[in-house]
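Taking it in order: structure first as structure tokens, then the write-up.
The values are calculated or read from the model by the stated rules, or taken from the named source; none is laboratory data. These numbers were taken from a predicted model, which means no experiment stands behind them. A quick note on method: Cβ atoms are made from the backbone with ideal geometry, for glycine too, and the neighbour counts reach across all protein chains shown. Just the protein is used for accessible areas: all its heavy atoms, side chains included, with ligands, DNA and RNA removed. Shrake-Rupley method; radii C 1.70, N 1.55, O 1.52, S 1.80 Å.
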Amino acid sequence: MAMSDPLGDMLTRIRNGQVAGQSTVVCPASKLRKNVLDVLQREGYIRGYSWAERRRGVAEFTIELKYHEGAPVIREITRVSKPGRRVYSKIKDLGKVAGGLGISILSTPQGVMSDSEARAANVGGEVLCRVF
């Protein structure tokens, strides 16, 4: 079955996996998902992820979720820009997430990066999701 929002599907799998207390979740692989997982790993929201090819041409990621003292590290993960409504932001108009405790993940001309990396590069773009 075709998926209209693959990134939203991955974020939902992460959210549901943490609510259920799972140590890993599995989702189909794509370049955008890989880039978002790289940002989540760099910022310390997930332990890591691995790529595996199930069969020829079909790959998937196994995402290792992170917990601190039994509670999920990711308290909230929400999709901002959706297929029906894209949300773009200049870097000077992008607000802080949870008073600076969370991050926004942006797709910029220089690649997918967190809001702090985008501020350092002084580049805006599409706001993919917010993590706290």
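What is the gain in length, in nm to one decimal, between residue 9 and residue 42 on full extension, counting 0.36 nm per residue of separation less the C-alpha to C-alpha distance? Show your work: numbers first, answer last.
Working: separation 33, 0.36 × 33 = 11.88 nm, distance 2.10 nm.
This chain segment gains 9.8 nm when fully extended.
Once the 1.4 Å probe is applied to the protein heavy atoms, segment 30-116 comes out at 62 Å² accessible per residue.
Going highest first, how would you order 46-54, 75-83 by mean Cβ packing within 10 Å?
75-83, 46-54
Each principal axis of segment 26-95 carries a Cα extent, and these read 43, 36, 19 Å when sorted largest first. Can you give me the % of accessible surface on the chain that is carbon or sulfur? Probe 1.4 Å, all protein chains present, nothing else counted. Of the solvent-accessible surface of the chain, carbon and sulfur hold 49 percent. Relative to the longest principal axis of the chain, what angle (0 to 90°, nearest 10) does the C-alpha long axis of helix 31-42 take? The two axes meet at around 80 degrees. Taking every DSSP helix (H) stretch of at least 4 residues in the chain, weighting each as -39,500 (n - 2.57) and dividing the sum by the residue count yields a mean residue ellipticity at 222 nm of -7500 deg cm²/dmol.
Report Rg/Rh for the chain, rounded to two decimals, where Rg is the Cα radius of gyration and Rh the Kirkwood radius. Intermediate values should be presented prior to the final figure.
On the way: Rg = 14.7 Å, Rh = 15.3 Å.
Rounded to two decimals, Rg over Rh is 0.96.
Think of each Lys and Arg Cβ as +1 and each Asp and Glu Cβ as -1; about the Cα centre, that makes the dipole of segment 3-132 roughly 280 debye. To the nearest 10 degrees, how steep is helix 6-19 against the longest Cα principal axis of the chain, on a 0 to 90 scale? Approximately 70 degrees, to the nearest 10.
Inter-part distance, segment 59-95 to segment 9-24, computed on C-alpha centroids, equals 12 Å.
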